[in-house]
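> The structure's right below; bear with me while I get my questions together.
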Amino acid sequence: FVRERLELLLDDGLQSEDGLYANCLAGDLPADGVVTGIGKIHGRTVCVLANDSTIKAGSWGKRTVEKMIRIQETAEKLNCPLLYLVDSAGARITDQLEMFPGRRGAGRIFYNQVKLSGKVPQICLLFGPSAAGGAYIPAFCDIVVMVEGNASMYLGSPRMAEMVIGEKVDLETMGGAKMHCSVSGCGDVLAKTEQEAIAYARKYLSYFPNNYAERGKVEAPKPPASFDKSIDELIPKNQNVPFDMYKLIERIIDEDSFCEVKKLFAPELITGLGRINGQSVGIIANQP
């Protein structure tokens, strides 16, 4: 299941896996519920961290945390992008005394995320729940892609809310993908399927270098999309007349290069990435 996702994400699957036999003496916890390793996307080395939801709902144990910390340290050492494939119920109740204390406790994961921020791209693909402390992982990433109908992000579940304050709320309203992508802004992209989410992550990564010290790859230039109207004709002379900013963006950037971010959140502003003469650019535009 989780390995099928990695096969879709990576060019040729995992080239090197870390901690495959973690917790091997526990027959029901292969790899301790998380797959970490190194692979390639578009021929570029990346590190991946993927929760296995078929193992105790992808929950964390002591060795899970250690594997997560190790792959973050590997990404820092290699100066390469790190992708998080999140599908986890959070920390295991039975392991909490072991996994939280110390310099290599669960808090180190979030410390490392902040440390990596601005150094290498960190991309989160949210396929299922991201509960409790695990909800901090998407929050610290550069971009969060959520799968509609499956992904959710919350500190406490609807059942917990009802038990504590008596309020009944469904999961989608409390922390569902559509809510986070349109209301809270914690989600950046709402994907209809897992395949769409993975394809977006691969495309998004193509706009960035491996790390802050490198220059981004310049793609083969393409002319902008052709329209019947020129740019002057697309923009009305009367400033009180609205027009579609998407058409103007497509008229400026290389054809088919627009990669929108936060489409559902604050729709009066368009944000995303594109290319001009093959060079990656950021786009911020008001939508009249």
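> Output the Kirkwood hydrodynamic radius of the stretch 171-287, Cα pairs only, in Å rounded to one decimal.
16.1
> In degrees from 0 to 90, rounded to the nearest 10, what is the angle of the helix 62-78 Cα long axis to the longest principal axis of the chain?
Computed tilt is about 40 degrees.
> Just list whichever of LYS115/LYS178; LYS119/LYS247; LYS222/LYS263; LYS203/LYS263; LYS119/LYS203; LYS217/LYS262 have alpha carbons separated by over 26 Å in the model shown.
LYS115/LYS178; LYS119/LYS247
> If you build a Gaussian network model of the chain, linking Cα atoms that sit under 10 Å apart, which residue out of ILE231, ILE123, ILE252 swings the most?
So, out of ILE231, ILE123, ILE252, the one fluctuating most is ILE231.
> Calculate one ³J(HN,Hα) per residue across the stretch 194-210 by plugging θ = phi - 60° into the Karplus curve 6.51 cos²θ - 1.76 cosθ + 1.60, and present them in order as whole Hz with x for glycine and proline.
Using θ = phi - 60°, the values come out as 5, 4, 5, 5, 5, 4, 5, 4, 5, 5, 4, 5, 5, 7, 10, x, 5 Hz.
> For the stretch 208-240, which GluC sites (Glu not before Pro) are both in a DSSP coil and crowded by at most 12 other Cβ atoms within 10 Å?
GLU214
> Bin all alpha-carbon pair distances of the chain at 10 Å intervals from 0 and give each bin's fraction as a whole percent.
6, 26, 32, 21, 10, 4, 1, 0
> Right, here's the next one. Taking Cβ-Cβ under 4.7 Å as the only way to count a partner, pick out the unpartnered cysteines of the chain.
Here CYS24, CYS47, CYS80, CYS181, CYS186, CYS259 come out as lacking a disulfide-compatible partner, given the Cβ-Cβ threshold of under 4.7 Å.
We did not get these values from a lab; they are worked out from the coordinates using the rules stated. Model, not experiment: these values are computed from the prediction. All Cβ positions, glycine included, derive from the backbone under ideal geometry; neighbour counts span all protein chains shown.
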